[in-house]
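J.: Pasting a structure here, questions to come.
The values are calculated or read from the model by the stated rules, or taken from the named source; none is laboratory data. Since we're looking at a predicted model, the values are computed, not measured. Note that we place each Cβ from the backbone using ideal geometry, even for glycine, and neighbour counts take in every protein chain shown. SASA here: full protein model, heavy atoms, side chains in, ligands and nucleic acids out. Shrake-Rupley method; radii C 1.70, N 1.55, O 1.52, S 1.80 Å.
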Amino acid sequence: MKYLVGADIGTTSLKAAVFDSDGNLIKSSTKDYTLKVSGDRVEFCAEDYFKLFLEAYREISEGLEIAAVAVDTQCETLILTDEKGEPLCDAIVWLDNRAREQAERIKERFTNKLVYDVTGQPEITATWPASKLLWLKENSPEIFEKTKKVFLLEDWIIYKMTGRFVTEKTLQSSSLYFDINTADWWDDMLKFIGIDRSVLPEICDSGVSVGEFEGARVVTCAMDQIAGAIGAGVFSEDTVSEMTGTTMAIFAPTSSKPEYNPESIIPCHYNYNGKFCLLAWTSTAGIALKWFKNNFCEGFGFRELDELAEKVNPGCDGLSFLPYLCGSTMPKYDPDAKGAFIGLTMEHTRAHAVRAILEAVACMLKENLDYMNISCRQIRSMGGGATSPLWCTIKADMTGKEIATLKNKETACLGSAILAGVGAGIFESVEKACEKTVALDKIYKPTGADYSQCYKNFIIAEGKIL
C-alpha cells in the first residue's frame, strides 16, 4: 500500500493526515498555534511553521512508508530571507494590515481594472504581498536590502524539506505581482515595488515533484481553498463547494476569467489545472449560531438546537436574522455592519431565533451564488454546517440545488494528498484521483418548501443595514 500525506496550514492551526491510495484516512494530527498581534501587525515565527509541520508529519508517518507529501497553505503570508535562506524577520501573516498607505499608492498607479485584468484581484488591499513588500522597502530598508529570497508559506515549507526555491501558480495568484493570464511574474508591478525576479522562486504547476524528504517525494500543492475543492471532488463547472464553518467560503471552477466589473469584488484565481476559479466568503456563518448557543442556549448542544428549529415553519413566521456580527464582506463590503433580528413579535420563541440564524446563512449562500452568477447542479457542503441535516435541507430549498456532504471531512488534507499522488505518479490526474478517492455521504434534494418570502425579507432587511 502506498501512503500519501496531505497537510493544510491554516491561520491558527495546522492539520496533517495520511491516506492510502484509495483515499481512506489512516491517521491525522492537528497543531494549534497563536499569532503575534500588535495593532495592524500580525506575525508568526517562520521557523515555527516548519517545526509544527515536522511534529505533525512524524506523528502520522511513524511506521508507514510515505510515497509523497504535499502541503497546502493560506495565501499571502510572506517570509523574507537572506541568500542562505535564514529568515530576516518573523513571517508577515496574511491578516497583517500595516500596508494600507502602500495599497492606496498601488491603486493610484495601476487602478483596480488593470490589477484585475492582470491578476484577477478586484481590490487592492494591505494584505497583498505586493503592498507588504512596498511597506518593507519604505519602512524597514535594512531588511528589504538584505532580502535575497521572497517566500510565501507553501514555498517555505517546500524549501525547508528539499532546499528547492520553488512556488506554484495558485498560491501566487493573490500576490498582486503574478499575471494569471501568462502564469508569470508581472514585471511592471515588480518594478514599482522594487523587487527583482532573482529574489522570487521558480514557478511550477501544482502536482509537480520537486524533491525528497525522508524518503518521500515532495510535491507542489495548491492554495488551501483549491486543495479543499479537490478533496471535495469539485473540478467541473456544474459543481461548486461551500464550507460553513466559522465563516462561509464558496468555490466555483470556471474555464475563463470574467470580464472586469467595477461593481464586483469577486476574486478570480489561477486554478490547479491552468484554468480559473472564483472565490467568495462571508465574515460570519457558523460562528453566528455558536454565538447564540453560547449566550442564549448555554445548556443546549447543536443537535438539540436543530431539534428546536425543526419545529418551526420555514420562514420563521416572518422573523429574519442578519448575521453580520463581524461586518459584511460579500456581496456588499461593510466592515461596520451589525447583526440584527428583524420582525420580532410576541409569538417568536428561542426556536424561531435558532431557525432564523440557519435560514440567514442559507440566504447568504443563495445571495452569493447569484452575485457570482453561478449556475450549478450540485453544491458540495463542508465544515460544521454539513453535519446538520436540517441546515443542509434549508440550503437545498433556499438555492434550489442539490446539497451533497462528504464522507471524508478533512477535504483540504485529502486534496493535498491527491496532488501528492499525482506528482508521485500514483494517480493519472486529479480528476481520476477524485473519482477513486472522493466519496459522497448524503444528498439533500430540495423538498419544495417555499422560501421566496423568507429570502425577500432577508434582502429587504439587509438593504436597511448595508
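J.: Considering the range 411-456 alone, what residues qualify as being in contact with a helix residue (DSSP H, G or I) (Cβ under 7 Å, 6 or more places away or on another chain) and among the polar types (S, T, N, Q)?
T.: T411, S416, S429, T437, T447
J.: Among the candidates R98, R164, which residue alone is over 27 Å from I265 (Cα atoms), open to solvent by 10 Å² or more (accessible area, probe 1.4 Å) and not in a helix (DSSP H, G or I)?
T.: None of the other options fit; the residue is R164.
J.: Something else: Among the residues of the range 233-252, what is the count of those that are farther than 24 Å from G384 by Cβ and either among the hydroxyl-bearing types (S, T, Y) or open to solvent by less than 60 Å² (accessible area, probe 1.4 Å) (or both)?
T.: 1
J.: Can you tell which of A227, A249 is touching a residue at least 60 places away in the same chain (Cβ under 8 Å) and either in a strand (DSSP E or B) or out of contact with any Pro (no Cβ under 6 Å at 6 or more places or on another chain) (or both)? Walk me through it before giving the result.
T.: Numbers: A249 fails: touching a residue at least 60 places away in the same chain (Cβ under 8 Å).
Exactly one residue qualifies, and that residue is A227.
J.: Taking the condition touching a His at 6+ places or on another chain (Cβ under 9 Å) and at negative phi, does L322 pass?
T.: no
J.: Does L319 fit the bill of being under 29 Å from the mean Cα position of the chain (by Cα) and crowded, with 18+ Cβ neighbours inside 10 Å?
T.: On the way: under 29 Å from the mean Cα position of the chain (by Cα): no; crowded, with 18+ Cβ neighbours inside 10 Å: yes.
Answer is no for this residue.
J.: Further question on the same structure: Is it the case that V219 is of a type in the set (V, I, T), in contact with a strand residue (DSSP E or B) (Cβ under 8 Å, 6 or more places away or on another chain), more than 13 Å from S416 (Cα to Cα) and open to solvent by less than 50 Å² (accessible area, probe 1.4 Å)?
T.: No: the conditions fail for V219.
J.: If you don't mind, another one. Is one or more of the residues making up the range 170-183 open to solvent by 10 Å² or more (accessible area, probe 1.4 Å), in contact with a helix residue (DSSP H, G or I) (Cβ under 6 Å, 6 or more places away or on another chain) and over 22 Å from K137 (Cβ atoms)?
T.: Residues of the range 170-183 that are open to solvent by 10 Å² or more (accessible area, probe 1.4 Å), as a first pass: 179, 181-183.
Checking which are in contact with a helix residue (DSSP H, G or I) (Cβ under 6 Å, 6 or more places away or on another chain) leaves us with 179, 183.
Restricting the remaining residues to those that are over 22 Å from K137 (Cβ atoms) gives 183.
Looking through the range 170-183, at least one residue is open to solvent by 10 Å² or more (accessible area, probe 1.4 Å), in contact with a helix residue (DSSP H, G or I) (Cβ under 6 Å, 6 or more places away or on another chain) and over 22 Å from K137 (Cβ atoms).
J.: If a residue must be buried (at least 24 other Cβ atoms within 10 Å of the Cβ), over 12 Å from I443 (Cα atoms) and among the hydroxyl-bearing types (S, T, Y), how many such residues does the range 349-398 contain?
T.: Result for the range 349-398: 0.
J.: Residues E104, E55: which one is open to solvent by 20 Å² or more (accessible area, probe 1.4 Å), more than 30 Å from I26 (Cβ to Cβ) and part of a helix (DSSP H, G or I)?
T.: Every option except E104 fails the conditions.
J.: Considering only residues that are assigned to a loop (DSSP other than H, G, I, E, B) and under 15 Å from K2 (Cβ atoms), which ones fall in the range 423-450?
T.: Our first condition is that a residue be assigned to a loop (DSSP other than H, G, I, E, B); within the range 423-450, this holds for 424-429, 438-439, 445-450.
Answer for the range 423-450, where residues must be assigned to a loop (DSSP other than H, G, I, E, B) and under 15 Å from K2 (Cβ atoms): A424, G425, I426, F427, E428.
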